[in-house]
Each structure stands twice: as structure tokens, then as C-alpha cells.
Amino acid sequence: MTHSVVHASFTITRHWKASPARVFAAFADERQKAKWFAGPPGWDQHEKSFDFREGGRETLVGRHPGGMVSSFDCVYRDIVENRRVIYSYVMHLDGKKISVSQATIELTGDGDGTKLVVTEHGDFLDGYDDAGSREHGTNWLMDKLEVSLTA
């Protein structure tokens, strides 16, 4: 087997009418996060854990409609209430480790709402070709988060 690493990063910026405290709660509260952080339609959740604190872990494992099983295993590294969340995570597809990443979520008051900036640095492993799907998926999740903020 050839061992390789391809590095990639992206930044996503959003502006929402919700307060920084409301946006932060959508990450920090398990029930609120469950409204937007899940797989695509037809996704079957197998495992889930949620421990939102520095050093805490979050996991999410499930089967996609096409049969592939994805696994998200996260450790929260830094949390500043209503301002910042930094976490690292490992992704597996069908039991194979495909990436190790670090993500930062920054929240700042912006008039009557919040400016959210997500920056992610990913290491894609052993021939896995992300081809922009991580950034696309994160944008999709941010769209779902936006909907949950107005519900």
C-alpha cells in the first residue's frame, strides 16, 4: 500500500440574523445540533455520542443510501462560549481512515446578527481524492444550520 497525504483547506463565511449566543447553542446543545448535523436524506444513523466540552468527544456513524458507512470522530480542543469552537476529527468510509482534519468556528456579532467563519484544514490520506466534497458537505451543513436557526 502506498501511503500519501494531500493537504487542503477552505474557509466559509456566513451572516445570519441570529445572535452569537443562538448560533453557539446550535453547536453546543445536543438537541439543537441534531436538527442540522446529520447525514443526507435516507441516511441511517448507527451510533452517536455528544460531549461538548474541551477534551470531550462527539461521534456520528451511519449508512448512506448507497450503502457506504461513514464515521465522524471528533475531539473538542478549544471552546470560548459564544465566540469560538476548535475541534479535530477523523473520518472513515467503510472502515478505512480517509482524513484527519482541524476545524475552527468563529462567531462575531454583526449588527443585528452573527458573522460565522468556518476554517478547515484537512489531510486526505492514502489516495483518497476529496475533490472538494468536504467543502461542499460543510456548505450543505451550514445551509441546514441556517434553516434550524429560523425554525
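The values are calculated or read from the model by the stated rules, or taken from the named source; none is laboratory data. Worth saying up front: this structure is predicted, and the values here are computed from it rather than measured. Heads up, the Cβs are rebuilt from the backbone with ideal geometry, glycines too, and the neighbour counts pull from every protein chain shown.
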- Message: I want to confirm something. Restricting to the stretch 48-82 and keeping residues that are out of contact with any helix residue (DSSP H, G or I) (no Cβ under 8 Å at 6 or more places or on another chain) and aromatic (Phe, Trp, Tyr), which single residue is surrounded by the most Cβ atoms within 10 Å (Cβ to Cβ)?
- Response: Tyr76
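Residue-wise test of (1) of a type in the set (Lys, Arg); (2) modelled with pLDDT under 95; (3) over 16 Å from the mean Cα position of the chain (by Cα).
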{"site": "His3", "(1), (2), (3)": "no, yes, yes"}
{"site": "Ser19", "(1), (2), (3)": "no, no, yes"}
{"site": "Phe24", "(1), (2), (3)": "no, no, no"}
{"site": "Arg31", "(1), (2), (3)": "yes, no, no"}
{"site": "Phe52", "(1), (2), (3)": "no, no, no"}
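Would you point out which residue out of Thr114, Thr150 is surrounded by fewer than 15 Cβ atoms within 10 Å (Cβ to Cβ), among the β-branched types (Val, Ile, Thr), over 16 Å from the mean Cα position of the chain (by Cα) and farther than 17 Å from His7 by Cα?
Values: Thr114 fails: surrounded by fewer than 15 Cβ atoms within 10 Å (Cβ to Cβ).
Among Thr114, Thr150, only Thr150 is surrounded by fewer than 15 Cβ atoms within 10 Å (Cβ to Cβ), among the β-branched types (Val, Ile, Thr), over 16 Å from the mean Cα position of the chain (by Cα) and farther than 17 Å from His7 by Cα.
Answer yes if at least one residue in the stretch 61-82 is among the β-branched types (Val, Ile, Thr), in a helix (DSSP H, G or I), in contact (Cβ under 8 Å) with a residue 24 or more places away in the chain and closer than 19 Å to Glu106 by Cβ, and no otherwise.
Narrowing the stretch 61-82 to residues among the β-branched types (Val, Ile, Thr): 61, 69, 75, 79-80.
With in a helix (DSSP H, G or I) added as a condition, the list becomes none.
Checked against the condition, which is being among the β-branched types (Val, Ile, Thr), in a helix (DSSP H, G or I), in contact (Cβ under 8 Å) with a residue 24 or more places away in the chain and closer than 19 Å to Glu106 by Cβ, the stretch 61-82 yields no hits at all.
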- Query: Residues Val100, Val85, Val90: which one is under 12 Å from the mean Cα position of the chain (by Cα), surrounded by 14 or more Cβ atoms within 10 Å (Cβ to Cβ) and in contact (Cβ under 8 Å) with a residue 24 or more places away in the chain?
  - Reply: Val85
- Query: If a residue has to be under 24 Å from Glu135 (Cβ atoms) and not aliphatic (A, V, I, L, M) to count, how many in the stretch 18-47 make the cut?
  - Reply: 14
